[in-house]
Each structure stands twice: as C-alpha cells, then as structure tokens.
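Beneath this line is the structure, given in structure tokens, with notes to follow.
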Amino acid sequence: MALLCCKIFLRRRDTAQSILAIALLVAMLASVSSIVGFLNAQVKTLAGLSNPTGKYIIMRGDLISESKLDVKLLDTLPLQYFNSIIAESFFWTNVTAGLTQIEVPVRGVSDTEKFLRARGARLNGSAARSVNEAVVGEIIAKSCSIDIGEEICLTYDARSVNVMIVGVFRAQSEIDLEIIVPMETAFNLAGEHISLIEFSLKRNVSVEEALTEISMLLPKDARIIQVQQPILFAQEVNAQLLSFLGFWSLAVCAVVASASYVIAARLVEESSYEILMLRALGVKRTRLFTLITLYIVVIAALGSILGVSLGLVGVQVVSAALSWLTPSIKITPILEPQQVVWIISITLSSAVIGCLLPAYRATKIKYTEKLL
Amino acid sequence: MSPLPFRYLRWRRILAFMTVLVLSSILSSITALSLISFYKGVSAYMGEEKCITVLYDTKSRTPFTGLIPAFLADKAIMMKEVSACSPEVITPCIVKGKPVFLRGVLLEEFLKISAISIIDGQMLNAGDINSVIIGRRASERIGVEAGDKILVIGVLSPVCFELRVKGIFKSDGPLEDEIIAPLHIGQWLRGTGYNYVTIIRVKGGCINFQETILKPIAEETAKPDRPEKRDSSGGKLSEHVAAQWTAIRFRAEDIGIRETEEFMRDYMERYGVTRESILILSIATIIFSGATILLAAETLISQHSDEIGVLRSIGASRKLLKRDIIFKLFPVFLTATVLGITAAIALLDIVLERGMLQVLFHNIQLQVDVFALILIASAILAVIIVGVWRSIR
C-alpha cells in the first residue's frame, strides 16, 4: 500500500532531476573515495617495497637503556622458531678518553666478533674477547679521537671500568655510535641483567604463531617490537588520507541533506492535489510523513546507485585521458564493496535527515485551503 | 533599483534556498582551499627563497626516496658563488609508535639555509653525535620534551636506537613537523650507507651545475683506469661529517637540478597535481552540486508560482520577472557565498590548527586563494541564473 502511494509521487516529472541531483553529489563522493583507495594502495605498495627483515627485539618499557630482563629469559624461549637470537645489555655511560668526556651507549654481547659479523661491520683491529677490552664504532672513535690500543674509562652510576680499545669498526648503522664490550664487562658496570633480546625467525615458521607463543612466555610488561615498521607508516599515511576524506564527506553529506530538503519541499509544494486525495482516502498524518520519507529514501537509494556508477566511470575516463595525455600518470581507481555500502548508507542517512522538516510540515498543512 | 517594486519572495523560502547556496559554497571552498593549501604547502616544503637550488635523484618516485652521492656537496661548496651547501637525508621513522620524518643534516650548513630557533633546551652543536632537536608540532604530536631520550625505529631500514632530545625548535615552515638530527643518523634510517644523501640544497647565485660540476665529475668517476681504492672526497664539508664520504660513480643525467619550489612541483606534476587541475576539480564540485542549486532555484520559483501568476496577470513580462527575481536573489547569493566561504575558511582553520589534515605528517598552512574563490562564486551565480531562467516559462 505504502509503495503504491509512493508510486504517485515517483511518477512526477521532476523525480528524474531529483535522482540526478543526488547522483551527482554521490558521484563526487565515489570518485574521491576511489582515488583515495588508489592512493592507499600506492602507499601500501611503496611500504611493501622495503621488505621488513623480520628482525625483532624483546624489551621492557619505552627505552632499551631502561629495560631490564632476566638473564635466564633466553633459556625459556622456544628455540625451534629462531633463525638467530642474541641477548644484549645496553646502557649509556660517560666515556673518558684523554681530555674528552662524552655520554655514549655501550652494548654488551656474549661474542663481539660474531655480533659484528652478523651486523656486517668492517672491523679494523681485533674483536673484544676479555673483560677489559672493547671495540668502538667509527663515529665515536672519530668524535673522541680514540685509536686502537688506547685505554678509555667507562663510568655508569658510581662504577667505573677501564677498557683497552682493540678494534674500530664501521657498520654504517646505529652501532657505529656505540662501544661494544663483552657481556661480563657490561654486567660489571650495569648489573647482572640483559636489556634486550634480538631475534629473527626461521623462514618456514608461521610468524603470527611464533610471536604469540613467544609473547606468552615473556614477563607481563615485556613486549616484542619489530625493528622495521613500513606497514605502520603506511597505515598512518592512509589514516591521514581517510581523515581528509571523512572531513570532506561531511561537507558532501550536508549538501545531500539540503538537496533532500529541497526535493521534499518541492514534492509537498507541487503534489498538493495528490496529497489531498490520499488524505481523503484515509491516509493519516503519520502515514503521510512516512510516505514522504519513503519517497526520499527511494530517490536517495536510486541516486546513490547511479552516483556510484557515474563516479567510477567518470574517474576511469578521466584517468584514461590523463594517462593518454601524460603517460607518467597512471591512476587506477579502487572502490571496495564496503566503501560502496558506506557511501550508500551515509547518503541515505543524510537524505532522511534532510527531509524530516518538510515531511513534518507536510502533515500540518491544510490542503483543502491550499488548493482553493 | 529592483525592476519590480513588489516584495513577493517569502523570507522563509529564501532561507531554504540560501542554506543550499551556503552549503554548496562551503563544499566547493573546502575542496579548493584544502587542495590549494596542500599544493602551496608541498611547493614550499624545501623553502621559498629563489636562490636555493636542489640537487636530487630524477629517478625517484617521491622527494624522500631519491639517493645522490654525498661527495657532490664537497664539490659544490668549492664554487665561489655558493654560500651554503646542505646535504640532507629525509626519511621516515617511528618514535613512540608515531611516524615522523627525520632530516639528517650538517647543522652548520643547514642553518645557513633554513631558519629555526630553539624554544626549549639547546641547539645542537658539532659534538652532538647522538642528539636531535625536534620541531614544536612534532614534539607535541609525539609527546617529548627537551632532555628526554627517545627510541627511534626504522621504516626503510631495520634499525632501532636511542637518541637524546637536546631541544625543541620552531620555524615558519613544515620543518616544525620534523626531527633534525646529525647527517649520519638520517643515513642509518635511510639504510644506504654514508656515501648517499636524499638531496643537496645549495644557496648561491645562478650556476650551471650540470655543466660546471656534474658532467666533469661524472666523467672523472667513470674512467676505467681510475684506481679501485676509493679515496675520501677530501673536501671542506667532509671534514665535518662523522663518517667520511668517498667519491663514487654516478651518471650526471640522473641528477636533477631545480629551484626549491620547482623541485616539489616537478614531483606533484608527475602525479597530475597542478594548480590548474586543482581549480578544475573545485569547479567540478560546483558543477556537481550545481544540480542541487538548480533544483533549489526551481523549487523557489515553484513555491512562488501564485505570486508570479498574479504579477503576470497585471502585465509583468517573463523577461522582466526573470530579471527581477535574479536582481532580488543577488544579495541572497552574495550573502550566502560570503557566509559559505567564511565558514569554509573557519572550519579548515580549526581542522588544520588541530593537525587533523596532514600530508605525510606535515601540517598544512591554510592558503586563501582569492582567484579560486571568485571563480567558485561566479560558477554559483551562473547556476542560479540558469535555474531562474529555466523555471519561468
């Protein structure tokens, strides 16, 4: 019955124009969403180009230098998952070399030679093997004018240790700014604990499963961090794009609501006779309100379906023309099904909100007087 | 003076029409202003001074991903026209779970080109090999203060290390959203070793770098009889870097040379982003929302059909009525458009100030383009005239 009554309204001449007005607004939304979808995919692709190495660290708190883990933790971890695993101690010390005093990080490892080899470092001199030996990164060595054979003093809290520099290395990474000492030296200075466990997983293991099992074995406040995070970066860039899209969509929705208001107001204005007939046939005021709302819902639904199609076709045509004119520009619009559902939903919601006032006013008009 | 002396348009109906105009102009203004702000913001990213030239990798897809030999900075600084030469590595990283761009620089040279001032803590000096300074907005976003230590995690390379925050700085441009660090720190995060940088910014007169520097050096480094052992570049700048640069092979044609604004525009144009395309897009929003304005104009006329009928019966011609309605609607259009544009500027200002709209974690400064706004207003007026003209038959 409601649909039959609604059909009276739908047969009006300006219904097509109303659908087109909504469709054009939705087309804007769909085209911009599809371009944002393309940009998101581009960002993901760019992030995917730098393939994360699968290197992780286990630590406590926000800083490695403040992280304290039990030395025995390493023994409790499931070794079948690891390609490599190394426990390290990390803390900042005051280094006195001649007249220079500087605060630098010190890393304690069980085997300095193996550690430097794993980091791809070029070592000039020999690895630190005994408790009073250390190797130093190229940048520290240059900055403090430290040479092989020199003795430096490491101070942490009130404890001091003199170590002999037996090698200078260049790894072209963060360890070039560190002093690497055997674990015993680190324990003597900073106490018997480790700061982090660095590991990589075997190729054939399930990363998710392995990380879940490892994290279950960790102390409560310890966490696993991946040391290369292109995915997080890509996600945040995409979130920025989506936040712009969300803000812009609000403006489009406001125009959709105003369009719906205009359509409903015009319907009431130009369909006074039909509304009077319906009232004469016994349609109540609430039913009339529902009928006008239903009309707007139908218009908005048809408009959004047409708009999504128009938007996609439009962007496709423009991108094809652009790539024809400028071969370097290749835009492939992407609109996920859930985005289509989202666009249709917000259009319907905005349209319904927009038509509420004219629909309510329509129930209060005395049509007999109006027609006279 | 109105062609007809009657006030037959009802205020409540005009208000509805005006609302449509306000909302449509808000939508178009937001589209135009945000895109133009983005365009101008990105163009000015490397600085707006005319005498600054950027040496960059022409093969890179973004301004942040290119790599050029660092030792070229040593050669550029030797030219008497060059007053400053800043090799820089711009790379993303993660600090406290939030992405931020870090710029590795040789501070002394960098400060000759970019003006920054410390608002908390201290400025970096040559001996600060493991400290950084953070831009005001970046420090607020990440939540760090001068004196804090931060854990930096790589995006482009697998590195994870701690740095000390020595100071917080402010600047006029997008640098406030970045971390400034010694050059070697940027190079670790970029993961390409000490011999490469992302860009080299050169301050000086008009120099033909391609002919005077790049081609001769490229030919020199490409010689087959060149000894395999790579020597230090041995220049004025390499004395200040923590890790020595070496002269490496490169192709002169792979290095682009542009003024700063042109450099960023070049990248945007590769993706079809030009001022013209932005204006076309903004006008397209008016055309698309134009159907609603048209509908609103027709509805307004339809709502006044009785009044128009009376005026017709007393002798007012269609042409006169059309002119009269357009005349009466002109102040409405003007008020609505001004209101819409003002509302759009205010909204964008709030949104941008709160950092809700960013491009690669850099805030955009709102740029009010009067030409674009006049274009939008004219388009709206044209749609109203068409709407009124079509409705009175």
Quiz item: Quick check: anything in the range B:48-68 aliphatic (A, V, I, L, M), away from every other protein chain (no Cβ under 12 Å) and within 30 Å of A:Met28 (Cβ to Cβ)?
Solution: no
Exercise. Might you let me know whether the range B:154-171 holds any residue that is more than 14 Å from every other protein chain (Cβ to nearest Cβ) and in a helix (DSSP H, G or I)?
Key: no
Self-check item: Candidates B:Leu23, B:Leu35, B:Leu4, filtered to the one that is in a loop (DSSP other than H, G, I, E, B) and either open to solvent by 30 Å² or more (accessible area, probe 1.4 Å) or more than 13 Å from chain A (Cβ to nearest Cβ) (or both)
Solution: B:Leu4
Quiz prompt | Conditions (1) open to solvent by less than 10 Å² (accessible area, probe 1.4 Å); (2) at pLDDT below 90; (3) small (Gly, Ala, Ser); number of the one not met by B:Ala115 | solution = (1)
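So which of B:Ile185, B:Ile179 ends up being in a strand (DSSP E or B) and either closer than 25 Å to B:Thr260 by Cα or within 14 Å of chain A (Cβ to nearest Cβ) (or both)? Before the answer, list the steps.
Working: B:Ile185 fails: in a strand (DSSP E or B).
Of the residues listed, the single one that is in a strand (DSSP E or B) and either closer than 25 Å to B:Thr260 by Cα or within 14 Å of chain A (Cβ to nearest Cβ) (or both) is B:Ile179.
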Quiz prompt | Members of the range B:367-376 found to be of a type in the set (A, V, I, L, M, F, W, C) and surrounded by fewer than 21 Cβ atoms within 10 Å (Cβ to Cβ), listed by number | solution = B:Val368, B:Val370, B:Phe371, B:Ile374, B:Leu375
Exercise. Residues that are under 30 Å from B:Val273 (Cα atoms): find the helices (runs of 4 or more DSSP H) completely inside the range A:15-121 holding 2 or more of those.
Key: A:15-49
Quiz item: (1) open to solvent by 40 Å² or more (accessible area, probe 1.4 Å); (2) more than 42 Å from the chain's Cα centre (by Cα); (3) farther than 18 Å from A:Ala87 by Cβ: which one isn't true of A:Asn188, the others all being true?
Solution: (3)
Self-check item: A:Val163 vs. criteria touching a residue at least 60 places away in the same chain (Cβ under 8 Å) and either crowded, with 20+ Cβ neighbours inside 10 Å or in a strand (DSSP E or B) (or both)
Solution: no
Quiz prompt | Of all residues in the range A:78-125 being among the small types (Gly, Ala, Ser) and within 14 Å of chain B (Cβ to nearest Cβ), the one that is most open to solvent (accessible area, probe 1.4 Å) | solution = A:Ala118
Quiz prompt | Those residues of the range B:249-301 which are of a type in the set (Asp, Glu), touching a helix residue (DSSP H, G or I) at 6+ places or on another chain (Cβ under 6 Å) and away from chain A (no Cβ under 14 Å), in sequence order | solution = B:Glu261
Quiz item: Taking the range B:50-65, which residues are assigned to a strand (DSSP E or B) and under 14 Å from B:Thr192 (Cβ atoms)?
Solution: B:Asp57
Exercise. Can you run down the residue pairs with Cβ atoms below 7 Å, 6 or more apart or on separate chains, where the first is in the range B:337-355 and not assigned by TED's automatic domain parsing to the domain that holds B:Glu176 and the partner is open to solvent by 50 Å² or more (accessible area, probe 1.4 Å)?
Key: B:Ile345/B:Val368; B:Gly355/B:Arg141
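Yes or no, residue by residue, for (1) surrounded by fewer than 23 Cβ atoms within 10 Å (Cβ to Cβ); (2) of a type in the set (Phe, Trp, Tyr); (3) in contact (Cβ under 8 Å) with a residue 12 or more places away in the chain:
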{"site": "B:Tyr45", "(1), (2), (3)": "yes, yes, yes"}
{"site": "B:Leu67", "(1), (2), (3)": "yes, no, yes"}
{"site": "B:Ile77", "(1), (2), (3)": "yes, no, yes"}
{"site": "B:Thr91", "(1), (2), (3)": "no, no, yes"}
Practice problem: Name every residue in the range B:131-156 that is free of Cβ contacts under 8 Å to residues at least 40 places away in the same chain and buried (at least 22 other Cβ atoms within 10 Å of the Cβ), in order of residue number. | Solution: B:Ser139
Quiz item: Looking at the range B:306-317, is at least one residue hydrophobic (A, V, I, L, M, F, W, C), under 24 Å from A:Trp248 (Cβ atoms), touching a residue at least 40 places away in the same chain (Cβ under 8 Å) and in a helix (DSSP H, G or I)?
Solution: no
Self-check item: In the range A:134-149, residue nearest to the other protein chains (Cβ to nearest Cβ) [restricted to those that are assigned to a loop (DSSP other than H, G, I, E, B) and modelled with pLDDT under 90]
Solution: A:Cys144
Practice problem: Mind counting the residues in the range A:226-250 that are open to solvent by 10 Å² or more (accessible area, probe 1.4 Å), facing chain B (nearest Cβ under 7 Å) and closer than 30 Å to A:Asp75 by Cα? | Solution: 1
Quiz item: In this structure, does B:Arg201 turn out to be of a type outside the set (Phe, Trp, Tyr), surrounded by 22 or more Cβ atoms within 10 Å (Cβ to Cβ), in contact with a Ser or Thr (Cβ under 6 Å, 6 or more places away or on another chain) and modelled with pLDDT of 65 or more?
Solution: yes
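The values are calculated or read from the model by the stated rules, or taken from the named source; none is laboratory data. In this text the structure is predicted, and so the values were computed from the model without any measurement. Here the Cβ is made from the backbone with ideal geometry for all residues, glycine too, and neighbour counts use every protein chain on show. When the accessible area is computed, the model is the full protein with side chains, heavy atoms only, and any ligands, DNA or RNA have been set aside. Shrake-Rupley method; radii C 1.70, N 1.55, O 1.52, S 1.80 Å.
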